[in-house]
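Structure first, then comments.
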Amino acid sequence: MNSTQIESVDVLTEGTEEAVLGGGCFWCTESVLSALRGVKSVTPGYAGGDLPNPTYEAVCEKNTGHIEVVRVVFNPAEISYETLLTVFFATHDPTTVNRQGNDVGPQYASVIFYHSEEQERIARRVMREVENELGQAVVTQLRPKATFWPAEEVHHNYYARNPMQGYCVFVISPKLSKLRSHFGNLLATK
């Protein structure tokens, strides 16, 4: 493992589940989903590729097959998988292939890695609902669970540590504003 990568991720405990989602840059997805009540942890990383222990640089070369994702550990008694997906779809563009704004490439694909038949069933239903609401096709990939590789430490809690960085100001802050506006009732109290 690269020395700057995290060597472990939160272990699932009784009463928690996990979701692995990619909605473009993992800095954005982490910032949005970590603000939700019932979310215990959000870890940025990579999934779906062939290279063991991928690095950010390798993934950015666009030939490892990995997608930037987050691993979300959540308490389904506090927030449902369906609600996580509803927020996920509302805070990224699921209609563009391998692109979120100026972030372009296969590592920025919209993807759901499901961990059970129930998660797959819920994801398919939510995707149909989003398509009906938007009136256009959702191109989000729906894939079975894959190995999750945590990203390097520099990518963890990126927005929280760098709120005035340009990307954070112009890309992540508007997503968080939308989250507060549309899903204020779901936010964790700090």
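The values are calculated or read from the model by the stated rules, or taken from the named source; none is laboratory data. Owing to the predicted nature of the structure, the values given are computational and were not obtained by experimental measurement. All Cβ positions, glycine included, derive from the backbone under ideal geometry; neighbour counts span all protein chains shown. Just so you know, the surface numbers come from the protein's heavy atoms only, side chains and all, with ligands and any DNA or RNA stripped out. Shrake-Rupley method; radii C 1.70, N 1.55, O 1.52, S 1.80 Å.
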Can you find even one residue in region 59-74 that is assigned to a helix (DSSP H, G or I) and on the phi < 0 side of the Ramachandran plot?
-> yes
Considering region 108-127, residues that are part of a helix (DSSP H, G or I) and touching a residue at least 60 places away in the same chain (Cβ under 8 Å), and then whichever is surrounded by the fewest Cβ atoms within 10 Å (Cβ to Cβ), we arrive at 119
Quick count over region 136-150, residues being open to solvent by 40 Å² or more (accessible area, probe 1.4 Å) and assigned to a loop (DSSP other than H, G, I, E, B), is 5
With criteria (1) at pLDDT below 95; (2) closer than 25 Å to residue 95 by Cβ; (3) surrounded by 13 or more Cβ atoms within 10 Å (Cβ to Cβ); (4) of a type in the set (S, T, N, Q), residue 177 comes up short on (3)
When residue 86 is run through (1) touching a helix residue (DSSP H, G or I) at 6+ places or on another chain (Cβ under 7 Å); (2) open to solvent by 20 Å² or more (accessible area, probe 1.4 Å); (3) part of a strand (DSSP E or B), the failure sits at (3)
Just one listed residue, out of 18, 14, is more than 10 Å from the chain's Cα centre (by Cα), open to solvent by 60 Å² or more (accessible area, probe 1.4 Å) and of a type outside the set (Phe, Trp, Tyr), and it is 14
